[in-house]
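Everything on this sheet refers to the single structure shown next.
The values are calculated or read from the model by the stated rules, or taken from the named source; none is laboratory data. Just so you know, these numbers come straight off a predicted model, no measurement behind them. Here the Cβ positions follow ideal geometry from the backbone for every residue, glycine too, while neighbour counts run over all protein chains shown. The protein model used for the area step is the full one, side chains on, heavy atoms only, and it has no ligands, DNA or RNA in it. Shrake-Rupley method; radii C 1.70, N 1.55, O 1.52, S 1.80 Å.
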Amino acid sequence: MNLKGRDYLTLADFKREEIWYLLELARDLKKKQKAGIPHQVLKGKTLAMIFQKASTRTRVSFETGMFHLGGLAMFLSGNDLQIGRGEPIEDTARVLSRYVDSILIRTFSHQEVLDLAKYADVPVINGLTDDFHPTQALADLLTVWEHLGTLEGIKLAYIGDGNNMVHSLMLAGAIMGMEVISACPEGYEPNPEVVAKARSLAGQPEKIKIVREPQEAVQGAQVLYTDVWASMGQEKEAAERRQAFAHYQINAELLKQAEKEAIVLHCLPAHRGEEITAEVLEGTQSVVFDEAENRLHAHKAILAALLA
Ligand code: CP
Ligand code: NVA
């Protein structure tokens, strides 16, 4: 499998066998790291990381991952770059391409990432936009695979906002042969274009479903997933969203209605008492910290595949 030179913008750009290749590479790199076996396949390579939004996991895992692989990562806050003073993204893309081997960007508009990728000569990695979070989704697939032993046929129920996270989960699930059911309040459903894309990727449109009631979504689900009610950039809507999403919480009662051994995922950061209770987040079925750890291994696989 050769993914060298490719961008990582949304999972829809990848075939099932390419995603399996990344997952197997992540598992292999994870084993090597745990066993203390060196895996410096990116010696001399550099990664510029542009962050227009806050981050704990994405930033630290990519930076650490690049170090493990023998390369160098540079954290660049949007405010400190000339982008913050109006330099066009197409100029930034062309200039950075003369210095570094890859560019990661976390920003608001997905179009900005597409523009960056269009003008950059090096692989561009989407570290989250308002519409997609594909590096998280790869770590989520890795986590489900590790805990449940398979992806095909797995039913994932997503409870909450029709946001970047559920968009990437629908695409990931569709490609990997999973069933993805989202329960969202009226007015907060996923983007219909993304739903249509996921349905076409799935081949069987009934595998990607949007329902109203969380109780309906979790029936028979082996994976429960949720995310914050107000994403980065929606801070002003927080109060209004707290009302709209009041019943969209993963709590012990909802968890009981899923499959007996269902696992609970959350991309984090979590708001205990809002989209998930502390009891479930800290409970025995929660794998959120394994999931957070897997960001590191999944990101190393992306970097190694695109750059080595
Ligand atoms: N899940 C996730 O992307 O976390 P950060 O915002 O901390 O990077
Ligand atoms: N939907 C959240 C995910 C954070 C990792 C956000 O965009 O803020």
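Side notes on the structure shown:
- Total residues in segment 154-163, condition surrounded by 23 or more Cβ atoms within 10 Å (Cβ to Cβ) and either farther than 29 Å from residue 247 by Cβ or within 12 Å of ligand 2 (Cβ to nearest atom) (or both): 4
- Restricting attention to segment 282-299, the residues being within 15 Å of ligand 2 (Cβ to nearest atom) and open to solvent by less than 10 Å² (accessible area, probe 1.4 Å) number 6.
Results for (1) modelled with pLDDT of 95 or more; (2) among the aromatic types (Phe, Trp, Tyr); (3) open to solvent by 70 Å² or more (accessible area, probe 1.4 Å); (4) assigned to a helix (DSSP H, G or I), shown as yes or no for each residue.
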| residue | (1), (2), (3), (4) |
| --- | --- |
| 1 | no, no, yes, no |
| 4 | yes, no, yes, no |
| 12 | yes, no, no, yes |
| 19 | yes, no, no, yes |
| 23 | yes, no, no, yes |
| 28 | yes, no, no, yes |
| 31 | yes, no, yes, yes |
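- Qualifying position, being open to solvent by 60 Å² or more (accessible area, probe 1.4 Å) and either out of contact with any strand residue (DSSP E or B) (no Cβ under 8 Å at 6 or more places or on another chain) or within 25 Å of residue 8 (Cα to Cα) (or both), among 186, 179: 186
- Failed condition for residue 61, given (1) assigned to a helix (DSSP H, G or I); (2) hydroxyl-bearing (Ser, Thr, Tyr); (3) out of contact with any Leu (no Cβ under 6 Å at 6 or more places or on another chain); (4) within 16 Å of ligand 2 (Cβ to nearest atom): (3)
- Matching entry among 128, 151, 141 (being crowded, with 24+ Cβ neighbours inside 10 Å and part of a loop (DSSP other than H, G, I, E, B)): 128
- Scanning segment 195-242 for residues that are open to solvent by less than 10 Å² (accessible area, probe 1.4 Å), β-branched (Val, Ile, Thr) and in contact (Cβ under 8 Å) with a residue 60 or more places away in the chain returns 218, 223, 226.
- Filtered by the rule that a residue be under 30 Å from residue 296 (Cβ atoms) and of a type in the set (D, E, K, R), segment 234-259 gives 235, 259.
- For residue 270, the stated conditions hold: it is within 16 Å of ligand 1 (Cβ to nearest atom) and assigned to a loop (DSSP other than H, G, I, E, B).
- Search result, residues across segment 236-266 that are within 15 Å of ligand 2 (Cβ to nearest atom) and in contact with a Phe, Trp or Tyr (Cβ under 8 Å, 6 or more places away or on another chain): 238, 241, 245, 248, 265, 266
- Breaking point among (1) within 16 Å of ligand 1 (Cβ to nearest atom); (2) assigned to a helix (DSSP H, G or I); (3) out of contact with any helix residue (DSSP H, G or I) (no Cβ under 6 Å at 6 or more places or on another chain), for residue 296: (3)
- Selected residue (only one of 200, 168 is out of contact with any strand residue (DSSP E or B) (no Cβ under 8 Å at 6 or more places or on another chain), over 26 Å from residue 232 (Cβ atoms), among the small types (Gly, Ala, Ser) and in a helix (DSSP H, G or I)): 200
- In this structure, residue 78 qualifies as within 16 Å of ligand 2 (Cβ to nearest atom), open to solvent by less than 70 Å² (accessible area, probe 1.4 Å) and more than 18 Å from the chain's Cα centre (by Cα).
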